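Contents: one structure, followed by commentary.
The values are calculated or read from the model by the stated rules, or taken from the named source; none is laboratory data. The shown structure was predicted, so the numbers you read here are calculated from the model rather than taken from an experiment. Note: ideal-geometry Cβ built from the backbone for every residue, glycine included; neighbour counts use all protein chains shown.
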Amino acid sequence: MKSRTMDTSLGGVMTTRLVTVELDDPLEVVKRIFDSVKFHHLLVVDTGKKLCGVISDRDLLRALSPYNRYGVRRMRAIPPR
C-alpha cells in the first residue's frame, strides 16, 4: 500500500463513487441507501443537480428518533434515574 503524507492531493484520497439524493426524497429513501452502502454522508442536490447540502446518518437518526422533540444535546444532559 502506498504511504500518504499531508501533502497528498484530495484527488488521491477522495471517494469518487458519488451517491446523491434530491431535496424532495423521503427519509425512507435516505435510510434505504444508508442501509445498503457503507457511506455515512450523502450529497443532497436540487432538481438541477446543484449541490444543496449533505445529510449524514446521524441527521437521519435525529430525524427518526422518537426523542427528537427533546433534542440530542438536552438528552445527554438528563441524568440517569
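Return the residue satisfying two criteria in turn: it lies in the range 4-22 and is within 20 Å of the chain's Cα centre (by Cα) and of a type in the set (A, V, I, L, M), and of such residues it is surrounded by the fewest Cβ atoms within 10 Å (Cβ to Cβ). Selected residue: L10.
Looking at the structure I just gave you, is V54 in contact with a Gly (Cβ under 6 Å, 6 or more places away or on another chain), modelled with pLDDT of 85 or more and either among the basic types (K, R) or in a strand (DSSP E or B) (or both)? Even if it seems obvious, please write down each step before you answer.
Values: in contact with a Gly (Cβ under 6 Å, 6 or more places away or on another chain): no; modelled with pLDDT of 85 or more: yes; either among the basic types (K, R) or in a strand (DSSP E or B) (or both): yes.
Answer is no for this residue.
Does G48 meet the test of being out of contact with any Cys (no Cβ under 9 Å at 6 or more places or on another chain) and modelled with pLDDT under 85? No, not satisfied.
Of everything in the range 23-51 that is loosely packed, with under 11 Cβ neighbours inside 10 Å, more than 19 Å from A63 (Cβ to Cβ) and charged (D, E, K, R), the residue that is nearest to the chain's Cα centre (by Cα) is K38.
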